[in-house]
Amino acid sequence: MSLTVHAPVDCGDLAASFNRLIQGELTVATLVFDAHQQLRLQSPDAARMLGLEGPFTARQPAKTFPRPIYDLVQKAVNTDPTASNTELFQRNGTPPLPLRLTALPLIHADGQTSIAIFIQDVSLARRLEADMRQLDRLASVGTLAAEMAHEVRNALVAVKTFVDLLLEQNPHA
């Protein structure tokens, strides 16, 4: 999937509109690299999510970014324009943060291509998956306990019936 600008637009207006979109509407951090693999736009959360000092400088080369970002830009430019991967980022002494990185080509009206890298924190999704697995295990244990209680009760009913019959046959015993 790629985004195409169909009408001729002033690049300043397009950049300002896109910048407003990524700052206000999207819940992911965004980096946009031009055809020369230099940073053109960034969302305010990009540096924070990557655990780096920010904001980044204009026209900062992609090779100065963490290796997974650089590799994804290279992959998007050279082979797979809609590349995606999930990485664990070590962030300045904090536990690693799982981030999903997705590249999306932006094709301008003049035919030039930029690459947008979307950075999404997937730690909540992973936590929810772990919670779901835990709930599934607890449900399985609950089902097993209910089945065992049923089987024990069946055996006790048989013993109770047998004792009742004995008491009927021998009321003075």
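What follows is calculated from the coordinates using simple rules that are stated; it is not laboratory data. None of these values were measured; they are calculated from a predicted model. All Cβ positions, glycine included, derive from the backbone under ideal geometry; neighbour counts span all protein chains shown.
What is the spin-label model distance, in nm, from ASP131 to ASP164 if the labels are put 7 Å beyond Cα along the C-beta direction?
About 4.8 nm, to one decimal.
Kindly rank 42-53, 137-148 from highest to lowest mean number of other beta carbons found within 10 Å of each residue.
42-53, 137-148
Order these peptides, 157-167, 59-69, by their mean beta-carbon neighbour count within 10 angstrom, highest first.
59-69, 157-167
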